[in-house]
Protein chains: 2
Amino acid sequence: MSRWQPGARERLQQAAHELFAEQGFAATTVPEITARAGLTTRTFFRHFADKREVLYADDAEVPAMIATMMSEAPPAAQPLAVIVEGLRTVAETPFEPRRAALRARRELVRTDVGLQERDLHKRAALSEAIREGFLARGIDTARASLLAETSVTLINVALTEWLDRDDDRSLYDIILETLATLRSSLN
Amino acid sequence: MSRWQPGARERLQQAAHELFAEQGFAATTVPEITARAGLTTRTFFRHFADKREVLYADDAEVPAMIATMMSEAPPAAQPLAVIVEGLRTVAETPFEPRRAALRARRELVRTDVGLQERDLHKRAALSEAIREGFLARGIDTARASLLAETSVTLINVALTEWLDRDDDRSLYDIILETLATLRSSLN
């Protein structure tokens, strides 16, 4: 067996998602996932720190994507413009094409305290990435934290709304509406 | 020994805070805390679920305080007025008198991943209490989540700023300034 199986990561994710759906998250073990994927547990742990991470693997690039986007925004761009552009990027690239997968993950998170914790951590890590992006743009600490937390709130509230809906309104559209709601609520 | 020692809770908190300051959070055990307080571990666990909870015991009433305040606000009060009044209550009663204790806790949280997790949970629980308060006031789900998360962000950002400062500006004053910053950042 070669060290890097071609497509191993995707095969493991596929097998894990099937097993989680069939028998629940808690009841599924790493050996069951690797057996279904026809791979070893060693290969599993080369790709994922634990079985929770399988569910978050496709979001792994989000903080780095945001850091890049924020560092490339024109120096004169206002924070709100940076936020809106960042939210558009995140909405359209890693989230929009994965509505079914994100819905399935949300169902699993509801059943598992460990996954809820992982969710809180991912939220905090995303906020930290945005905060650092604003600090690097010369925004002071308190305002950078405020803008970062608010960005994450906008993503999360809009994501929940979008996953709840059955129509084809885009996530980005709902984010803009959520921003408008926040703005009007504060005035 | 009577079932409820008078002042047991306060003696345990005092002993725990001393030991955390002397030897760190991770190195301190529940038996050390109870030995210093002159009480049994059974008494400890009647008051606290674990040693982390000792640090959050004085915040325990915050979600219930917010729920009461929100249910007693006049039905016609706008969400922003409810938020501002709620933040004033939280700032003035459970937080303002505890600046030194909150600073000490923040230092401990920085040293311990388990405490960071507990902090994220407390944040989520506070947000949930505020969200439920808004739902009970007839606000729709998405807006209730948005207002709740934003309230928690305002508290947390202002609390950090207040703990960082050496002057005698009040926490409530900094919360109002943080709200003004958020409002201007979104316009």
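The values are calculated or read from the model by the stated rules, or taken from the named source; none is laboratory data. As the structure is a prediction and not an experimental result, all values here were calculated from the model. As a convention, Cβ positions derive from the backbone with ideal geometry for all residues, glycine included, and neighbour counts pool all protein chains shown.
Would region A:77-98 turn up any residue that is acidic (D, E), outside any helix (DSSP H, G or I), more than 13 Å from chain B (Cβ to nearest Cβ) and in contact (Cβ under 8 Å) with a residue 24 or more places away in the chain?
Initially, region A:77-98 is screened for residues acidic (D, E), giving A:85, A:92, A:96.
Add one more test, that the residue is outside any helix (DSSP H, G or I), and what stays is none.
Checking region A:77-98: not a single residue is acidic (D, E), outside any helix (DSSP H, G or I), more than 13 Å from chain B (Cβ to nearest Cβ) and in contact (Cβ under 8 Å) with a residue 24 or more places away in the chain.
Please give the number of the condition A:N156 fails out of (1) of a type outside the set (F, W, Y); (2) on the phi < 0 side of the Ramachandran plot; (3) over 14 Å from the mean Cα position of the chain (by Cα).
Against the list (1) of a type outside the set (F, W, Y); (2) on the phi < 0 side of the Ramachandran plot; (3) over 14 Å from the mean Cα position of the chain (by Cα), A:N156 comes up short only on (3).
Pick out the one residue from A:T141, A:T160 that is among the β-branched types (V, I, T), surrounded by fewer than 18 Cβ atoms within 10 Å (Cβ to Cβ) and under 16 Å from A:A91 (Cα atoms).
Checking each option against the conditions leaves just A:T160.
Restricting the search to region A:161-187, which residues are touching a residue at least 24 places away in the same chain (Cβ under 8 Å) and either part of a helix (DSSP H, G or I) or not assigned by TED's automatic domain parsing to the domain that holds A:R103 (or both)?
The initial filter retains those residues of region A:161-187 that are touching a residue at least 24 places away in the same chain (Cβ under 8 Å), namely A:162-163, A:170-172, A:175-176, A:178-179, A:182.
Selection gives A:W162, A:L163, A:L171, A:Y172, A:I175, A:L176, A:T178, A:L179, A:L182.
Give the number of residues within region A:112-150 that are more than 12 Å from chain B (Cβ to nearest Cβ), closer than 17 Å to A:Y56 by Cβ and not in a loop (DSSP other than H, G, I, E, B).
Within region A:112-150, the first condition is being more than 12 Å from chain B (Cβ to nearest Cβ), and the residues that meet it are A:112, A:115, A:126, A:129-130, A:132-133, A:135-138.
Adding the requirement that they be closer than 17 Å to A:Y56 by Cβ leaves A:112, A:115, A:126, A:129.
If we keep only those that are not in a loop (DSSP other than H, G, I, E, B) too, we end up with A:115, A:126, A:129.
Qualifying residue count for the region: 3.
Looking only at region A:159-187, filter to residues that are more than 8 Å from chain B (Cβ to nearest Cβ) and touching a Lys or Arg at 6+ places or on another chain (Cβ under 7 Å); which one of those is nearest to B:A144 (Cα to Cα)?
Within region A:159-187, the subset more than 8 Å from chain B (Cβ to nearest Cβ) is A:159, A:162-177, A:180, A:184.
Filter once more, keeping what is touching a Lys or Arg at 6+ places or on another chain (Cβ under 7 Å): A:163, A:172.
Values: A:L163: 17, A:Y172: 20 Å.
Out of the qualifying residues, it is A:L163.
Just to be sure before I move on: is A:A104 in a helix (DSSP H, G or I), under 30 Å from A:A16 (Cα atoms) and away from every other protein chain (no Cβ under 14 Å) in the structure I sent? Before the answer, list the steps.
On the way: in a helix (DSSP H, G or I): yes; under 30 Å from A:A16 (Cα atoms): yes; away from every other protein chain (no Cβ under 14 Å): yes.
Yes: the conditions hold for A:A104.
Collect the residues in region B:110-147 that are touching a residue at least 12 places away in the same chain (Cβ under 8 Å) and within 15 Å of the chain's Cα centre (by Cα), keeping them in residue-number order. Give the derivation first.
Of the residues in region B:110-147, the ones touching a residue at least 12 places away in the same chain (Cβ under 8 Å) are B:111-112, B:114-115, B:118, B:122-123, B:125-134, B:136-137, B:139, B:143-145, B:147.
Residues satisfying the conditions are B:L115, B:R118, B:K122, B:R123, B:A125, B:L126, B:S127, B:E128, B:A129, B:I130.
Show me the helices (runs of 4 or more DSSP H) found entirely inside region B:2-76 where at least 3 residues are assigned by TED's automatic domain parsing to the domain that holds B:L108, touching a helix residue (DSSP H, G or I) at 6+ places or on another chain (Cβ under 6 Å) and of a type in the set (V, I, T).
Numbers: elements: B:8-23, B:30-37, B:41-47, B:51-56, B:62-72.
The helices (runs of 4 or more DSSP H) meeting that bar number zero.
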